[in-house]
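The values are calculated or read from the model by the stated rules, or taken from the named source; none is laboratory data. Remember, it's a predicted structure, so these values are computed and weren't measured experimentally. Note: ideal-geometry Cβ built from the backbone for every residue, glycine included; neighbour counts use all protein chains shown. To get the accessible areas, we keep the full protein, side chains included, count just its heavy atoms, and leave off ligands, DNA and RNA. Shrake-Rupley method; radii C 1.70, N 1.55, O 1.52, S 1.80 Å.
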Amino acid sequence: MTDQLYMPANEYQKEFDAEVTKAREEDSYICLDQTLFYKEGGGQPADQGRIEWEDGEAEVVDVQKEHGEHRHYIEGDIPEAGTEAHGVIDWDRRYKHMRMHTAQHVLSWVVLNRYNASTAGNQIHEDYSRIDFEPAEFDEEDIEKIERSANALIQKGLEVEKEFMPREQVEQAVEEGRTNLDIIPDSIDPLRVVIIGEEDLCPCGGTHVDNIDEIGEINITEKTTKGQDVERLKF
């Protein structure tokens, strides 16, 4: 089991020390007893960076949770199990994902409140992201209203809290349509939640900024109809 050091609210730490608990040279991955690297999931790509140890260094190019393990896929030398290592996050990539993922929460919140449309899916990238809303049928005026409302919310500078919360409490507190708790295994309890301004609460394991004013300005660049009552917004 790998301790995820960025949880629940430690996204700004950039370096950490750990012990290599498993090394698979033939598959080019290692496991660590603790990590700051975010594993791919929830529509957010994995962190990248590097791992250093006394006799070598390697680039971390991907992190996946597979067969219950946090596997750090690396390019370069493979340290042996038991090696004391030092990890360094690619901070520029991490911070772009933090801003983007928090922006996704803001847009999802605005659209749910204005149009009663739930987030059916999302994908985060460094330079753009997308969200699928359902049921939804937006026109150009709607798009302008969504963008304007999201940016007005950002200007309020609301704090973003991240914490662990008992599953039962989350189920009672989360707004209907805000998230699909059914897809989160019942065994996960407590849940890590993201709370914006003490109003929007959403279970989420992704990395986020501490205040929505760090997002900057959201620009919606494209709308695509993806099926009956499903609209995709690219931003």
Can you go through Glu175, Glu171, Glu217, Glu198 and tell me which one is touching a helix residue (DSSP H, G or I) at 6+ places or on another chain (Cβ under 8 Å), exposed (fewer than 15 other Cβ atoms within 10 Å of the Cβ) and within 14 Å of Trp109 (Cα to Cα)?
Glu175
Would you confirm whether or not the range 8-15 contains a residue that is in a loop (DSSP other than H, G, I, E, B), open to solvent by less than 10 Å² (accessible area, probe 1.4 Å) and in contact (Cβ under 8 Å) with a residue 24 or more places away in the chain?
yes
Here, strands (runs of 3 or more DSSP E) confined to the range 34-114 with at least 3 residues that are touching a strand residue (DSSP E or B) at 6+ places or on another chain (Cβ under 8 Å) and open to solvent by less than 30 Å² (accessible area, probe 1.4 Å) are 56-66, 69-76, 84-89
So Ile154, is it out of contact with any strand residue (DSSP E or B) (no Cβ under 8 Å at 6 or more places or on another chain), under 21 Å from His101 (Cβ atoms) and open to solvent by less than 80 Å² (accessible area, probe 1.4 Å)
yes
